[in-house]
Ligand code: NAD
Ligand code: DAU
């Protein structure tokens, strides 16, 4: 029975969905959310559970090894679900150093803290590393990434995540640290920072701003509703086999331009605008450097071995997502204005 669970990056997009799920579903677990609150960390995402007795927030940089180790000791951490990362590909192209620092050194710091505090008795211990399909590189028109696909990362973000995956597996092979890794495709849903395609475009359509489409808009991504990713993590955390890797995906491929047209249609309709009003905002711009053409995940191992599959059809998921951003324009405004940064000070006092 794993009781004290450290979730890193719990104030981010996927992390906040996971924290909410686990805090509600497992009242006997103590969920410790470790997040340093970079630009992508927003405690407003966790308002709903911040006062729960089985939840604690600690503002800690995962790269600060001594404080990370002390946190393991203070909260008697049994298991880690590690999501904290620099996660935006475009930022990694501009500043690769911070990606190597957080994603590689931060992961190493957590692994070493787990190893040192858990000693040689790994009974009921688990280090769960949350990774991405981008480590596998880019597909052509056909084929799917499986757990056996060779690593071939292209962006500095993907290279840093690939490196962190290797460190996790190295700690298993060298020190027998009990680890499990999952590699997931593109997530969408509420609370995603509006620099990623879907929330950025919804926000821009609301404000009649240009929609910057990279290249010809022909790149393909495999979209999964974020709550389904959180459910998959829950299943793998409880039932996954030590040392194994599980791919998570939606079997839901979309060419960017087709997806963008669905977003435009949905936002215009829900805002009561005439169909096609925002079509004129589409602006083709220079392609992303090293832009991977296509990602698509084969998640049949997860379905066959652990019984997980996506719960939501894309049409329903995108409708829910657009509706959420339209109903939560204050949340979007707080982010784009920078006001969300005041939330930590207000709730926890100035550090
Ligand atoms: P995000 O950028 O929304 O959130 C990242 C969180 O990590 C933020 O709260 C941030 O404050 C925190 N963080 C960053 N650096 C930190 C540090 N040094 N110490 C402590 N906290 C730090 O990211 P996301 O989209 O929620 O992704 C979460 C994880 O899932 C990442 O590891 C990412 O690689 C992986 N992933 C994301 C997707 C996706 O589509 N978003 C898909 C597959 C895998
Ligand atoms: O595949 C999983 C990955 O998905 C995660 O590991 C990453 O953390 C996450 O950010 C996401 O990466 P992508 O680069 O695929 O997501 P992004 O939303 O940045 O872009 C999606 C596609 O849309 C991609 O082909 C680039 C394109 N795009 C993106 C933006 C932000 C545009 O055409 N215009 C844009 O302004």
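Quick note: the coordinates plus some simple rules give every number you see, no bench work behind them. Because the structure is predicted, anything quoted here is derived from the model rather than measured. Glycine gets a Cβ as well: all are built from the backbone with ideal geometry, and neighbour counts include every protein chain shown.
Some observations on this one:
- In this simple spin-label approximation, residue 174 and residue 312 carry label points 7 Å from Cα along the Cα→Cβ vector, and these lie 4.0 nm apart.
- Sorted by Cβ neighbour density within 10 Å, fewest at the top, the residues 184, 63: 63, 184
- Cα gyration tensor shape for the chain, rounded if a/c is under 1.5, else prolate or oblate: prolate
- Annotation: extensible slack from residue 209 through residue 166 equals 11.4 nm (criterion: 0.36 nm per residue apart, minus Cα-Cα distance).
- For the pair residue 95 and residue 286, label points projected 7 Å from Cα toward Cβ lie 2.0 nm apart.
- At an R0 of 51 angstrom, the distance between the Cβ atoms of residue 257 and residue 120 translates into a FRET efficiency of 0.40.
- Percentage relative contact order, the chain, counting C-alpha pairs under 8 Å, at least six apart: 17 percent
- Bridges between two residues of the chain, per DSSP, are antiparallel at a rate of about 10%.
- In degrees, nearest ten, helix 156-175 long axis to first principal axis of the chain (Cα): 20 degrees
- Separation of alpha-carbon centers, the stretch 219-272 and the stretch 96-122, rounded to whole Å: 28 Å
- Residue-normalised convex hull volume from the C-alpha trace of the stretch 107-253: 135 Å³ per residue.
- Listed by Cβ neighbour count within 10 Å, with the fewest neighbours leading, 78, 133, 287 appear as 287, 78, 133.
- Angle in degrees between helix 13-25 and the longest Cα principal axis of the chain, rounded to the nearest 10: 60 degrees
- Helical content alone sets the calculated 222 nm signal of the chain at -12000 deg cm²/dmol, taking -39,500 (n - 2.57) per DSSP H segment of four or more residues and averaging over every residue.
- Alpha-carbon centroid distance for the pair the stretch 159-204 / the stretch 60-81, whole angstrom: 20 Å
- Compared with the direct C-alpha span, the chain from residue 52 to residue 277 gains 76.6 nm at full extension, assuming 0.36 nm per residue.
- Gaussian network model of the chain, springs between alpha carbon atoms under 10 Å - residue of 108, 312, 332 with greatest fluctuation: 312
- Percent antiparallel among DSSP beta bridges (both partners in the stretch 196-308, rounded to 5): 40 percent
- Each label was represented as a point 7 Å from its Cα along the Cα-to-Cβ direction; for residue 303 and residue 238 these points are 2.2 nm apart.
- Likely footprinting exposure, 145, 314, fewest C-beta neighbours within 10 Å first: 314, 145
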